[in-house]
Amino acid sequence: LVVKKGTTVEAEAHPQRAGWTVTQHGFAIPAYGIAEVVDQNGSKSIEFKAEKDGIFPINCQLHPAHVGGELVVLP
Ligand SMILES: [Cu+2]
């Protein structure tokens with residue numbers, strides 16, 4: 001996820017990878033204080049303003065082993 005600083009970001013989380021036996025996943029960007037919970041096979045819109053530039057991890061706060069991503073905010 002790459003955005004410019006000051007952008008309002010609307011992300012949609014869709015956890016639906018086959019083989020997961022859990023019913024919910026997290027979508028967290030700790031640096032932005034975001035920690036949402038999304039139902040497996042469901043979706044959730046997450047909106048925030050990218051006010052800090054840098055590279056920030058995105059992860060599943062419920063299952064630390066699950067692959068996340070990165071938020072890159074360009075200055
Ligand atoms: Cu998870």
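Within the bounds of region 30-46, is there any residue that is basic (Lys, Arg) and in a loop (DSSP other than H, G, I, E, B)? The answer is no; no qualifying residue exists.
Of everything in region 48-68, what is exposed (fewer than 12 other Cβ atoms within 10 Å of the Cβ) and either under 10 Å from the mean Cα position of the chain (by Cα) or part of a loop (DSSP other than H, G, I, E, B) (or both)? Give them in sequence order.
Hits for region 48-68 are Glu51, Pro64, Ala65, Val67.
Among the residues of this structure, Gly33 does not count as one that is touching a residue at least 40 places away in the same chain (Cβ under 8 Å) and either on the phi > 0 side of the Ramachandran plot or of a type in the set (D, E, K, R) (or both). Of all the numbered requirements in (1) in contact (Cβ under 8 Å) with a residue 12 or more places away in the chain; (2) within 14 Å of the ligand (Cβ to nearest atom), Thr21 misses one, and that requirement is (1).
Do we find that Glu12 is within 11 Å of the chain's Cα centre (by Cα), touching a residue at least 12 places away in the same chain (Cβ under 8 Å) and exposed (fewer than 15 other Cβ atoms within 10 Å of the Cβ) in this structure? Yes: the conditions hold for Glu12. Evaluate the following for Ala31: is it aliphatic (A, V, I, L, M), out of contact with any helix residue (DSSP H, G or I) (no Cβ under 6 Å at 6 or more places or on another chain), surrounded by 12 or more Cβ atoms within 10 Å (Cβ to Cβ) and modelled with pLDDT of 95 or more? When the stated conditions are applied, Ala31 passes them.
Answer yes or no as to whether Val73 is modelled with pLDDT of 90 or more and either within 14 Å of the ligand (Cβ to nearest atom) or surrounded by 15 or more Cβ atoms within 10 Å (Cβ to Cβ) (or both). When the stated conditions are applied, Val73 passes them.
The values are calculated or read from the model by the stated rules, or taken from the named source; none is laboratory data. Keep in mind the model is a prediction, meaning the values are calculated, not measured. When we count neighbours, we look across all protein chains shown, and the Cβ atoms used for this are built from the backbone with ideal geometry, even at glycine.
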